[in-house]
Amino acid sequence: MIDNRYLLLDTSLWAQAEHLTVTPGRAHKASQNPLFGEDLPWEVRHDNLYANVIFDPTDSLYKCWYNPFIIDVATTDTPPAQRQPGAYRAALAKAQAAEQIRKHREMGVCYAESVDGIHWDRPELGLLEFNDSTRNNLVMRDVHGVGVTLDPHDPDPEGRFKAFMEGGVARSPDGLHWSPIQPCPEIEARWDTHNNLFWDERHGRYVGITRLWDGRQRTVGRTESADFNSWTRAVEVLQALPEESERQTYALIVFPCAQLYLGLLMMFDTATDLVDCELAWSRDTVQWQRVSPGTPLIERGEEGSFDWGCVYAGAYPFLKDGRLQLYYGGSDGPHTDWRSAYLGLATLRPDGFAGLTPASKSQTATLVTQPVMCSGRQLRLSADADGGMIRAALVDVDGKGLADSVPIQADVTDLPLQWHDGQDLSALGGREIQLIFELQNATLYSFSFSD
């Protein structure tokens, strides 16, 4: 079922706006962070982690697939006390030069699970061998940039879980036992990113997000498939702005949300060697807009913290226990240097990816929406208005007033508005109307119609 909520970060919904600004939400980091780090013999370097986290309702477990280096000779041959800042690339080159003696790098996919999403178990699965033992949590070896998703669309239980990675795709009934990788050379991607995919219910196809290279910088590529077997050639859908000469689009995690598609965009700064997580949105997964470019959604920590250097958002955020859960990989050092990485968690209020706020506290901001269909007896709002005020009015497409709401002066989620005439919206069902919002010292996230 397609969500009928409207996120007001979608500027195509705006007919007229005064004194308004769109700002990313405030992601709150869990006090228990970091949740786990690279402390197992086969998790040598978590690197970007590329976490994929879901809550599986079939067994009420949080499940995480992540993609560390299980072999990284530069790390294992250099004790922590000898890791001089800026020297990782040289150590990597030395290890690569000696590759004829032993393999210098390999990535794998590891599995973890949790009852509460905070305390994680990395079980000994006995599936794959590492250093002559299967007492590990490995579910794939010799793979890169793996995105994992739970696919409710596929009726075949063997394909309940899907994976999208460098070179191809794979299926699994349980997320542990995976089919051989099916090569997809027709995609023609660069691949070196957190590849990710989802079933797009609105258009009846799988959408895959990957990495391209335009000859000078990293860009975001998009591919699609009707059957998960044959894919289109990846085409560029997002790159850094022309004025961002030292920033590049490193990864984009895409997922449907309300009537939009949202993207958690990792921006790599080649001057500072740091990575930030920003927010983008699209109506079709092809044309993308960024929300406040340069402003993070999940902020990096202070220098010395576990996530000071890089933040790589996981796939995908989900709503649980009244909060949006955003898992991420955090690194304590720059992207191309020595660093340790960990799983972290940040949360947002429902629909809180971004909101509309007055440009200043002293101003009353107004928004008039484009015409929308009144599809329910109630109009519900999600907003933060404690200490401020939000009021709504309805007009028909000719500007005739239809209803005025009682003001909201609290933080609310999907709150049904009350109207001054005491009526509901039954008489407006099926009609196109426009909504007018007034905001004072408040943030408005979304609206929806319901019965």
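The values are calculated or read from the model by the stated rules, or taken from the named source; none is laboratory data. Keep in mind it's a predicted model, so treat the numbers as computed, not measured. We place every Cβ from the backbone using ideal geometry, glycine too, and count neighbours over all the protein chains shown.
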*Tell me which of these residue 134 doesn't satisfy, since it passes every other one: (1) more than 16 Å from residue 46 (Cβ to Cβ); (2) modelled with pLDDT of 95 or more; (3) buried (at least 19 other Cβ atoms within 10 Å of the Cβ).*
(3)
*Do we find a residue being in contact with a strand residue (DSSP E or B) (Cβ under 7 Å, 6 or more places away or on another chain), crowded, with 17+ Cβ neighbours inside 10 Å, closer than 23 Å to residue 259 by Cβ and acidic (Asp, Glu) anywhere in segment 393-402?*
no
*Would you please name the residue that is nearest to residue 378 (Cα to Cα), looking only at residues in segment 400-415 that are among the aliphatic types (A, V, I, L, M) and modelled with pLDDT of 95 or more?*
415
*asked:* Where the second residue is hydrophobic (A, V, I, L, M, F, W, C) and surrounded by fewer than 19 Cβ atoms within 10 Å (Cβ to Cβ) and the first is in the same structural domain as residue 56 (by TED's automatic domain parsing) and more than 23 Å from residue 262 (Cα to Cα) and lies in segment 301-316, which pairs have Cβ atoms under 6 Å and are six or more apart or on separate chains?
replied: 301/308; 309/274
*asked:* Can you tell me which of (1) in a strand (DSSP E or B); (2) buried (at least 24 other Cβ atoms within 10 Å of the Cβ) is the one residue 193 doesn't meet?
replied: (1)
*Quick one: in segment 268-296, of everything that is closer than 17 Å to residue 343 by Cα and not acidic (Asp, Glu), which residue is surrounded by the fewest Cβ atoms within 10 Å (Cβ to Cβ)?*
275
*Check 434, 418, 370, 363 and return the single one that is surrounded by fewer than 20 Cβ atoms within 10 Å (Cβ to Cβ) and modelled with pLDDT under 95.*
363
_Testing residue 113 on (1) assigned to a strand (DSSP E or B); (2) among the acidic types (Asp, Glu); (3) surrounded by fewer than 13 Cβ atoms within 10 Å (Cβ to Cβ), one condition comes back false. Which one is that?_
(3)
*Identify the single condition in (1) surrounded by fewer than 19 Cβ atoms within 10 Å (Cβ to Cβ); (2) part of a strand (DSSP E or B); (3) touching a His at 6+ places or on another chain (Cβ under 9 Å) that residue 32 does not satisfy, given that it satisfies every other one.*
(2)
*Hits in segment 68-83 - residues which are in contact (Cβ under 8 Å) with a residue 40 or more places away in the chain and touching an Asp or Glu at 6+ places or on another chain (Cβ under 7 Å)*: 68, 70
*Among 145, 86, 159, 126, which is the only one that is more than 30 Å from residue 202 (Cα to Cα) and in contact (Cβ under 8 Å) with a residue 24 or more places away in the chain?*
86
_Residue ID - farthest from residue 24 (Cα to Cα), chosen from residues in segment 269-287 that are part of a loop (DSSP other than H, G, I, E, B) and in contact with a strand residue (DSSP E or B) (Cβ under 8 Å, 6 or more places away or on another chain)_ = 270
_Could you go through segment 45-68 and let me know if any residue there is in contact with a helix residue (DSSP H, G or I) (Cβ under 7 Å, 6 or more places away or on another chain) and either among the charged types (D, E, K, R) or not in a strand (DSSP E or B) (or both)._
yes
*Those residues of segment 366-409 which are of a type outside the set (A, V, I, L, M, F, W, C) and over 31 Å from the mean Cα position of the chain (by Cα), in sequence order*: 377, 391, 396, 398, 399, 400, 401, 404, 405, 407
*Within segment 202-245, restricting attention to residues that are basic (Lys, Arg) and outside any strand (DSSP E or B), which residue is nearest to residue 188 (Cα to Cα)?*
233
_So in segment 157-178, with the set limited to residues that are closer than 14 Å to residue 229 by Cα, out of contact with any Asp or Glu (no Cβ under 8 Å at 6 or more places or on another chain) and not hydrophobic (A, V, I, L, M, F, W, C), which one is surrounded by the fewest Cβ atoms within 10 Å (Cβ to Cβ)?_
167
*Looking at segment 304-321, is at least one residue more than 18 Å from residue 343 (Cα to Cα), at pLDDT 95 or above, surrounded by fewer than 19 Cβ atoms within 10 Å (Cβ to Cβ) and not charged (D, E, K, R)?*
yes
*Are there any pairs with C-beta distances below 8 angstrom linking a residue in segment 201-215 that is outside the structural domain of residue 154 (by TED's automatic domain parsing) and at negative phi to a residue that is of a type in the set (A, V, I, L, M) and surrounded by fewer than 22 Cβ atoms within 10 Å (Cβ to Cβ), with the two at least 6 apart or on different chains, and if so which?*
none
*Can you name the residue in segment 47-83 that is surrounded by 14 or more Cβ atoms within 10 Å (Cβ to Cβ) and among the small types (Gly, Ala, Ser) and is also nearest to residue 196 (Cα to Cα) among such residues?*
51
